[in-house]
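First comes the structure, then the notes that go with it.
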Amino acid sequence: MDNCLTFIQKYNQSSLTAISFYWDNQKLTDLNQDFRQNIANYLLEKKVAAPLNLVRDLFLEEARWTAKSRKTRDFFAKIGVKLLKEGSTQYLKDFLEAYTMSFDTFAACRTMDVTGVNIPELLKYIDKEIKIKRNEEIVNKLECGRELLTKYQKNLRKGF
């Protein structure tokens with residue numbers, strides 16, 4: 001697993017190909033799924049510091065895998081929470097891209113433990129962005145995010 005730590009510490013944009021969704025139609029599998037899972041699990045279990053662009057890329061690429069395979073793996077929602085906690089508004093649009101990618105990503109994100117996520121800050125950002133965006137697709141994603149985060153905010157108030 002030392003190669004996982006090295007990969008995490010040295011991650012940059014040229015490293016993306018090692019974790020990107022790469023579907024092989026002959027084998028009906030993502031050729032990078034095992035390595036991506038190893039990196040995600042290492043990052044979550046060892047609680048190592050990671051570049052936020054790696055967290056974002058893991059979340060987006062796993063969402064692509066989820067959309068194709070029609071199933072989610074345990075680490076998907078946890079990586080999403082990490083992205084929201086540490087990336088906050090900087091990576092919110094990336095989070096929403098993955099969240100709205102498929103029914104399975106949508107469902108997985110609705111089961112996240114968002115304790116420690118600054119939901120009021122994210123909701124304020126969404127409201128500001130909705131007011132200035134003219135692109136209907138982006139506005140729809142922002143509205144989906146507002147609905148999700150409002151649900152979580154209500155549940156946190158109730159003690160769920």
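A few remarks follow.
- Environment charge of residue 20, counting only residues whose C-beta is closer than 15 Å and scoring Lys/Arg +1, Asp/Glu -1: -4
- Charges were assigned to the Cβ only: +1 to each Lys and Arg, -1 to each Asp and Glu. The resulting dipole of the chain about its Cα centre is roughly 520 debye.
- Alpha carbon centroid spacing (whole Å) that separates region 96-160 from region 41-66: 19
- Candidates 139, 55, 81, ranked by Gaussian network fluctuation over the chain, Cα under 10 Å, top entry: 139
- Zero-based 10 Å bins, Cα pair distances in the chain, whole percents: 10, 40, 34, 14, 2
- Amide H contacts under 5 Å for residue 30, placed H, 5+ residues apart: 24
- In degrees, nearest ten, helix 33-46 long axis to first principal axis of the chain (Cα): 70
- Cα gyration tensor, region 74-152 - rounded (a/c under 1.5), prolate or oblate: oblate
- Relative contact order of the chain, defined on C-alpha pairs under 8 angstrom at six or more residues apart (%): 18
- Derived scalar couplings between HN and Hα for region 27-32 equal 8, 6, 8, 8, 5, 9 Hz in order, rounded to whole Hz, by the Karplus curve 6.51 cos²θ - 1.76 cosθ + 1.60 (θ = phi - 60°), x for Gly and Pro.
- Relative to the longest principal axis of the Cα atoms of the chain, helix 52-69 runs at roughly 80 degrees.
- Residue of 103, 75, 21 that the Gaussian network model of the chain assigns the largest fluctuation, springs spanning Cα pairs under 10 Å: 103
- A simple rule links phi to the HN-Hα coupling: the Karplus curve 6.51 cos²θ - 1.76 cosθ + 1.60 with θ = phi - 60°, which for region 91-106 gives 10, 5, 5, 5, 4, 5, 4, 6, 4, 9, 5, 7, 4, 5, 5, 4 Hz, with x for Gly and Pro.
- Residue-count net charge about residue 100 - beta-carbon cut-off 14 Å; Lys, Arg +1, Asp, Glu -1: -2
- Summing Lys and Arg as +1 and Asp and Glu as -1 over all other residues whose Cβ lies under 14 Å from the Cβ of residue 77 gives a net charge of +2.
No lab work stands behind these numbers, since they all come straight from the coordinates. Just so you know, these numbers come straight off a predicted model, no measurement behind them. For neighbour counting, all protein chains shown are included, and Cβ atoms are generated from backbone atoms with ideal geometry for every residue, glycine included.
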